[in-house]
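Enquirer: To start, I am sharing the structure in question, which I have written as structure tokens.
What follows draws every value from the coordinates through simple rules; no lab data is involved. Just so it is clear, the structure is predicted and the values come from calculations on it, not from any experiment. Heads up, the Cβs are rebuilt from the backbone with ideal geometry, glycines too, and the neighbour counts pull from every protein chain shown.
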Amino acid sequence: VHIFNEIEPFRAFLRSLRNVGKTIGFVPTMGALHEGHLELIKQSKSENAVTVCSIFVNPAQFNNPTDLAKYPRTIEGDTSLLKSVGCDVLFLPAVSEMYPSSEALTFNLGALDNILEGEFRPGHFSGVALVVSKLFNIVHPTRAYFGQKDFQQVMVIKKLVNDLNFDLNIVVVPTVRENDGLAMSSRNLRLNPENRKKALLLYQSLQEAKALLLHGKNFSEVKKIIQSKFKSTDVRLEYFELCEAENLKSLNSVDANTKAVLLVAAYVGEVRLIDNMLIHEN
Ligand code: PAF
């Protein structure tokens, strides 16, 4: 893996590859890599001549300083995982390299930013939009890869690419799960064994709600059932919603013509986890 810490030599290196017609697949991450990230890298490798990964814990997208301080950082393990899957290039910038000026640009992302993650993490998506725009301008990828686990993030990034005419394709890769169903997340590293078991409630509640909806129950009834399930534990539910998958508008029932998605966020101990599930896979 070629490792770059500075923007200019990294850019020059990628420019030389583009100049000889190589396609570039890009997997932006915040590190603490797991099987879900590796799936993105593998897909990129199968579709592009060169695969670039970035690891940057982006302060601009953390609305909670404790969350930023406690975000797992496992760079040595990450580098060997990247080697094991044959990632070609790693961009590993310092905060001062990405944000030389203290006054950061902010984005108004409209309606998409006032609901779900946007409601509970003010400023989060503006920070994501900022760093992703910077990374796209630095890397100029042919394709960029994101996990479906961050469902709303994918929508924000698609809007960004569309509205700002970034010349690249966004590829969305299905969520990779542990054997028991827990969605892979870097934050899972922060769960102690007891909370790791409790974290399964997110996936189980999505599965249960999906089954009830497909049996014709209204979402308002389903939500009450799920809320009481969470109340009987110490996993603190932040939101549990049924939305149209295309625009995240609220739904109260499912039908064969509307693509719907269930989305959940909850605190397991002090670790905030999210997950989602499409009602009809296609
Ligand atoms: O999904 C993530 O890990 C981050 O939000 C991203 C896209 C790398 C931006 O910092």
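Enquirer: GNM, the chain, Cα, under 10 Å: largest mean-square fluctuation among GLY269, GLY25, GLY110?
Expert: Taking springs between Cα atoms under 10 Å, the residue moving most is GLY110.
Enquirer: Next question, about the same structure. Could you tally up the Lys pairs in region 149-230 with alpha carbons closer than 30 Å? Skip any pair fewer than 8 positions apart unless they're on separate chains.
Expert: 27
Enquirer: Loop-only GluC sites (Glu not before Pro) in region 65-118, please: DSSP not H, G, I, E or B, and at most 13 other Cβ atoms within 10 Å.
Expert: Numbers: sites: GLU76, GLU97, GLU103, GLU117; in loops: GLU103.
Those that pass, being in a loop and sparsely packed, are GLU103.
Enquirer: Where a ≥ b ≥ c are the square roots of the eigenvalues of the C-alpha gyration tensor, would you call region 166-235 rounded, which needs a/c under 1.5, or, failing that, prolate if a/b is larger than b/c, or oblate? Please report the intermediate quantities before stating the final value.
Expert: Numbers: a/c = 2.44, a/b = 1.19, b/c = 2.05.
Oblate.
Enquirer: Translational D (Stokes-Einstein, µm²/s) of the chain at 25 °C and 0.890 mPa s when Rh comes from the Kirkwood sum over C-alpha pairs? Each step should come with its number before you reach the end.
Expert: Working: Rh = 19.8 Å.
In µm²/s, the coefficient is 124.
Enquirer: Pick from GLY21, GLY86, GLY36 the residue whose mean-square fluctuation is largest in a GNM of the chain, springs joining Cα atoms under 10 Å.
Expert: Looking only at GLY21, GLY86, GLY36, the largest GNM fluctuation is found for GLY21.
Enquirer: Okay, next question. Within region 1-46, list the GluC sites (Glu not before Pro) lying in a DSSP loop whose Cβ has at most 13 other Cβ atoms in a 10 Å radius.
Expert: Working: sites: GLU6, GLU35, GLU39; in loops: GLU6.
Passing both the DSSP loop test and the Cβ count: GLU6.
Enquirer: Determine ³J(HN,Hα), in whole Hz, for all residues of region 134-149 in sequence, where each value follows from phi through the Karplus function 6.51 cos²θ - 1.76 cosθ + 1.60 and θ = phi - 60°; x replaces Gly and Pro.
Expert: 4, 5, 4, 5, 7, 8, 6, x, 6, 9, 10, 10, 9, x, 5, 4
Enquirer: On a full-extension model of 0.36 nm per residue, what is the gain between GLU8 and LYS249, subtracting their alpha-carbon distance, rounded to one decimal in nm?
Expert: Numbers: separation 241, 0.36 × 241 = 86.76 nm, distance 4.17 nm.
Length difference between fully extended and current span is 82.6 nm.
Enquirer: Please give, to one decimal in nm, the separation of the simple spin-label points placed at ASN218 and THR258, each 7 Å out from Cα toward the Cβ.
Expert: 1.3
Enquirer: Which residue fluctuates the most in the chain, going by a Gaussian network model with Cα springs under 10 Å, if the choices are LEU135, LEU164, LEU68?
Expert: Per the Cα network of the chain with a 10 Å cutoff, LEU164 tops the list.
Enquirer: At ALA49 and THR66, where each label point lies 7 Å from the Cα along Cα→Cβ, what is the point-to-point distance in nanometres?
Expert: Reported label-point gap for ALA49 and THR66 is 5.0 nm.
Enquirer: In addition: Return the loop-located GluC sites (Glu not before Pro) in region 216-282 (DSSP other than H, G, I, E, B) with at most 15 other Cβ atoms within 10 Å of their own Cβ; answer none if there are none.
Expert: Working: sites: GLU221, GLU238, GLU241, GLU244, GLU246, GLU270, GLU281; in loops: GLU246, GLU270, GLU281.
For GluC sites (Glu not before Pro) across region 216-282 that sit outside H, G, I, E and B with at most 15 neighbouring Cβ atoms in 10 Å, the list reads GLU246, GLU270, GLU281.
Enquirer: From the C-alpha gyration tensor of region 50-196, pull out the three semi-axes of the equivalent ellipsoid (sqrt of 5λ each), sorted largest to smallest, in whole Å. Write down the numbers at each step before the final one.
Expert: Working: eigenvalues 108, 83, 62 Å².
For region 50-196, the semi-axes come out at 23, 20, 18 Å.
Enquirer: On to the next question. In a shell of Cβ-Cβ distance under 13 Å around VAL50, excluding VAL50 itself, what net charge do Lys and Arg (+1) and Asp and Glu (-1) give?
Expert: Values: positive: ARG15, ARG18, LYS22, LYS45, ARG143; negative: GLU47, ASP88.
With Lys, Arg at +1 and Asp, Glu at -1, the neighbours total +3.
Enquirer: Antiparallel as a % of all DSSP beta bridges within the chain, to the nearest 5? Spell out each step's value before the answer.
Expert: Details: 18 of 37 bridges.
Looking only at bridges with both residues in the chain, the antiparallel portion is about 50 percent.
Enquirer: Right, here's the next one. Assuming R0 = 45 Å, can you tell me the calculated FRET efficiency for the pair ILE225 and GLU35, based on Cβ-Cβ distance, to the nearest 0.05?
Expert: On the way: r = 31 Å, r/R0 = 0.69.
Plugging the Cβ-Cβ distance into 1/(1 + (r/R0)^6) gives 0.90.
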